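I have placed the structure first, in the form of structure tokens, so that the comments after it can refer back to it.
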Amino acid sequence: MSPKREISARDFVADLRFSGFSNRQLMEKYRLTERELEFIFKKLVAVKAINPSELNERSAPADPALYPEMPSDFRISIRDELDFPLPVYEKDFPDERGLVLNVSTMGLGVKGIEASVGEIKTLVIPAHELFHINLIEVEGQCRWATRESLSGVFSAGFEIINVVSGSLEELQMMIRSIPLEDRVAMRKKL
């Protein structure tokens, strides 16, 4: 039996939260298997050292035999899908607005902004127009992009590289707090 390794929860959470380590980087630094990484994530959530939303965009282990009950497209935590209009625009083109499709602490899905995979854009979410929070400005790298064949409208997914101003976490909390009847009223504005 191999001796137990001790991993500082404080250091691990700092690497996850502030250093932005990927799953692979965490596994390398702490010499973990996918199963061990998943175990640590679950433990940290259970003891409330991290919030499940902090694990956005992180994939489940590649080996489905480890967790047969999980669907293959499972994501460890939730993206907040928007079913109401939340504008977004490129910093240099404030009059050309698109819509946020989903938001997480790690990324944004947007519609109506043209982008190419690998391209870095500064995106602005004027959340202050709808909520009592600050305008949000992020630098994001396009990870996927599509164009609807009939309408020609672009949709793209951006990995957040840097939050320049505002707070995506605060935005997510506001989105989650909106009652269903208010969402329906906001959706009618589309």
- Answer from 151, 167 - the residue that is surrounded by fewer than 18 Cβ atoms within 10 Å (Cβ to Cβ), modelled with pLDDT under 85 and among the hydroxyl-bearing types (Ser, Thr, Tyr): 167
- Search result, residues across segment 102-144 that are open to solvent by 30 Å² or more (accessible area, probe 1.4 Å) and of a type in the set (Phe, Trp, Tyr): 144
- Task: Give the residues of segment 104-133 that are outside any strand (DSSP E or B) and modelled with pLDDT of 85 or more, sorted by residue number.
- Result: 112, 113, 114, 115, 116, 117, 118, 119, 126
- Failed item, numbered, when residue 33 is tested on (1) over 24 Å from residue 159 (Cα atoms); (2) out of contact with any Pro (no Cβ under 9 Å at 6 or more places or on another chain): (2)
- Query: So how many residues does segment 12-24 have that are at pLDDT below 85 and either under 22 Å from residue 173 (Cα atoms) or assigned to a helix (DSSP H, G or I) (or both)?
  - Reply: 9
- Message: List pairs: first residue in segment 152-163 and touching a residue at least 24 places away in the same chain (Cβ under 8 Å), second residue among the aromatic types (Phe, Trp, Tyr) and in a strand (DSSP E or B) anywhere in the structure, Cβ distance under 8 angstrom, at least six positions apart or on different chains.
- Response: 156/144; 157/144
- Query: Is segment 169-180 home to any residue that is among the acidic types (Asp, Glu) and under 15 Å from the mean Cα position of the chain (by Cα)?
  - Reply: yes
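The values are calculated or read from the model by the stated rules, or taken from the named source; none is laboratory data. All figures in this text were calculated on a predicted structure; none of them were measured in a lab. Note that we place each Cβ from the backbone using ideal geometry, even for glycine, and neighbour counts take in every protein chain shown. When the accessible area is computed, the model is the full protein with side chains, heavy atoms only, and any ligands, DNA or RNA have been set aside. Shrake-Rupley method; radii C 1.70, N 1.55, O 1.52, S 1.80 Å.
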